1. Restricting the first residue to the stretch 99-110 and requiring it to be under 13 Å from LYS69 (Cβ atoms), which pairs with a second residue that is aromatic (Phe, Trp, Tyr) meet a Cβ separation below 9 Å and a spacing of at least six or different chains?
2. Select from the stretch 52-87 the residues that are in a loop (DSSP other than H, G, I, E, B), without any contact (Cβ under 8 Å) to a residue 24 or more places away in the chain and not small (Gly, Ala, Ser) and list them in ascending order.
3. In the set ALA49, ALA31, ALA110, which member is surrounded by 14 or more Cβ atoms within 10 Å (Cβ to Cβ) and either more than 16 Å from the chain's Cα centre (by Cα) or not in a strand (DSSP E or B) (or both)?
4. Just to be sure, is GLY91 at pLDDT 85 or above, touching a helix residue (DSSP H, G or I) at 6+ places or on another chain (Cβ under 7 Å) and within 21 Å of ASN113 (Cα to Cα)?
Amino acid sequence: MEKWDPFPLRERINKLFDVSQAGRGIADQPAWLPVVDIYETPEDFTVKAELPEVSESDINIKVEGNTLKLSGERKFRCEGRNYYQVERAYGSFSRSFLLPGDVDQDKIRATLNDGILRIVLPKKTKDIPKHIEIK
């Protein structure tokens, strides 16, 4: 009969704990990561991020090279309240997304409405091949 070794089980439990706590800033993880949808239309790419209770002044959007960087902070505001339970994550966040090469970086625009940040990345207009007739 083999002797049961509890350490692999303990290691798995520790990993499970670390993963479940990652959204709360444990083990050098970001405090939280907003969920993001990215979709394409014929005219542009759109990034939509859920940022409830994050003000415009606490959001940073940068384009460096062909990378879109989204960062900011959701601040915990007690405002004289006595909290008995806090389950939502607060703190800094940072996300980066690789941009396709055909984005017109000068025309990128962003709006924040009802906690949804919408970043529109217009595509560059492509030169339409023109047939030249020989006369």
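The values are calculated or read from the model by the stated rules, or taken from the named source; none is laboratory data. The model shown is predicted, which means the values in this text are computed figures rather than measured ones. Positions of Cβ are generated from backbone atoms using ideal geometry, with glycine treated the same way; all protein chains shown enter the neighbour counts.
1. Filtered contacts from the stretch 99-110: LEU99/PHE45.
2. Quick first cut of the stretch 52-87, residues in a loop (DSSP other than H, G, I, E, B) only: 52-55, 65-66, 75-87.
Those left that are additionally without any contact (Cβ under 8 Å) to a residue 24 or more places away in the chain: 55, 65, 75-87.
Result: LYS75, PHE76, ARG77, CYS78, GLU79, ARG81, ASN82, TYR83, TYR84, GLN85, VAL86, GLU87.
3. When all the criteria are applied, what remains is ALA31.
4. Working: at pLDDT 85 or above: yes; touching a helix residue (DSSP H, G or I) at 6+ places or on another chain (Cβ under 7 Å): no; within 21 Å of ASN113 (Cα to Cα): yes.
Spelling it out, it is not the case that GLY91 is at pLDDT 85 or above, touching a helix residue (DSSP H, G or I) at 6+ places or on another chain (Cβ under 7 Å) and within 21 Å of ASN113 (Cα to Cα).
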